[in-house]
1. Can you tell me which residue is farthest from the chain's Cα centre (by Cα) among those in the stretch 50-109 that are of a type in the set (Phe, Trp, Tyr) and within 24 Å of Ser288 (Cβ to Cβ)?
2. Just one of (1) buried (at least 18 other Cβ atoms within 10 Å of the Cβ); (2) out of contact with any Lys or Arg (no Cβ under 6 Å at 6 or more places or on another chain) trips up Phe68, so point out which.
3. With the checklist (1) of a type in the set (A, V, I, L, M); (2) without any contact (Cβ under 8 Å) to a residue 60 or more places away in the chain; (3) within 20 Å of Asp192 (Cα to Cα) in hand, flag the one item Leu264 doesn't pass.
4. Filter the stretch 13-47 down to the residues that are touching a strand residue (DSSP E or B) at 6+ places or on another chain (Cβ under 6 Å) and under 28 Å from Val220 (Cα atoms) and list them by number.
5. Taking the stretch 237-265 as the search range and keeping residues that are among the β-branched types (Val, Ile, Thr) and part of a loop (DSSP other than H, G, I, E, B), which one is nearest to Ser302 (Cα to Cα)?
6. State which residue is nearest to Val153 (Cα to Cα) when the search covers only the stretch 91-130 and only residues that are at pLDDT below 95 and acidic (Asp, Glu).
7. Can you find a residue that is under 18 Å from the mean Cα position of the chain (by Cα) and under 26 Å from Glu85 (Cβ atoms) anywhere in the stretch 304-314?
8. Could you list all residues from the stretch 273-303 that are polar (S, T, N, Q) and within 21 Å of Val84 (Cβ to Cβ)?
Amino acid sequence: MKPFKTIDEQYELLLSRGLHITDHIKAKRFLLNNNYYNVVNDYAKFFMTPNDKFIPNTHFEEIAQVEFYDKEIKSLFFKYIIEVEKHLKSILAYRFSEMYKDQKYAYLIASNYNTKDILKVTKTISLMSHTITKLKKENNNPIKHYINQHEDVPFWILTNYMNFGQLVYFYKYLNDSLKNKIAKDFSYFLADNLNMEQVQLTPNNLMSYLENVLELRNVVAHNNLLFHFKSKGKHVHYLPPLHDKYGIMNTSEKQDVYNVFIILQCLLPKEQYSILHNTLINRTKSLSKNLNSVDVNVILNSLGFPNNWYDTDKIFL
């Protein structure tokens, strides 16, 4: 077994590896609050040489700044992925209800989906049915109210009890005409963000983007390591009007945070994406000012961002 080390022993080990520490009380408190393993493996790695020594003149405060940056941008991404989820709920609820407005419990009818994936459709229906069954037994909730008063639960009510993953896969198994209509709704976000009159997302584009955002959402929601993130699924679909703007080719790998960040233009209104973009720039500039032993681009590159991405001339308006 790897032997347990006290905070004092962890502190001394960092000193022995060449780390400069000016405030030992603050440093030890940081180690207690943040877990030595995470500090060294998630943040200090940026400042270490291949022989496990720190780059000369590395200060403990730099490691703390990288940890703070990680925490801040994860919160930032989570905030705007929640907005994506809200837009997806609203558009799905409206378009599905519009198409099946004369059917009670239309989302529980298998023929209203793409029956090529009937087993997965059945699973999706079962999850929604289970949610309704569970909530109708509880007091004071909209689902029970609609069952008692209307003998139906509208889909726009049910979506409030569906998580992001359930929404994404609900979309995946819809029939083609409905998926196209929803993809067109999201296309307006992209056209506005690109300052174009018209650009069309396909259902395959939209599904690819939603799946990648979902994966990033799970990382930030569970406070897992964001640096060096790579999507486990397929990389995001290449979309010329969007990716050509950033010099990203069809053959480029598109599985990192940067590529998920870019495709959020397909899922957020311009005003929201602008705030996300510009806040991320400001966070990165602040980190840059607090690093001395390594260039901020080392941190940015671990997220897939190109060198000097945070330059002021790249502010999104």
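The values are calculated or read from the model by the stated rules, or taken from the named source; none is laboratory data. Everything numeric here is computed off the predicted structure, so don't read it as measured data. Cβ sites come from the backbone with ideal geometry, for glycine too, and all protein chains shown count toward neighbours.
1. Phe54
2. Checking Phe68 against (1) buried (at least 18 other Cβ atoms within 10 Å of the Cβ); (2) out of contact with any Lys or Arg (no Cβ under 6 Å at 6 or more places or on another chain), the one that fails is (1).
3. With respect to (1) of a type in the set (A, V, I, L, M); (2) without any contact (Cβ under 8 Å) to a residue 60 or more places away in the chain; (3) within 20 Å of Asp192 (Cα to Cα), Leu264 is out only on (2).
4. Kept after step one, since they are touching a strand residue (DSSP E or B) at 6+ places or on another chain (Cβ under 6 Å), are these residues of the stretch 13-47: 17-20, 47.
Passing the criteria: only Phe47.
5. In the first step, residues of the stretch 237-265 are kept if they are among the β-branched types (Val, Ile, Thr); the result is 248, 251, 257, 260, 262-263.
The next check asks that each one be part of a loop (DSSP other than H, G, I, E, B); those that pass are 248, 251.
Working: Ile248: 17, Thr251: 20 Å.
Going through the qualifying residues, I end up with Ile248.
6. Here the residue is Asp102.
7. yes
8. Of everything in the stretch 273-303, those that are polar (S, T, N, Q) and within 21 Å of Val84 (Cβ to Cβ) turn out to be Ser274, Asn278, Thr279.
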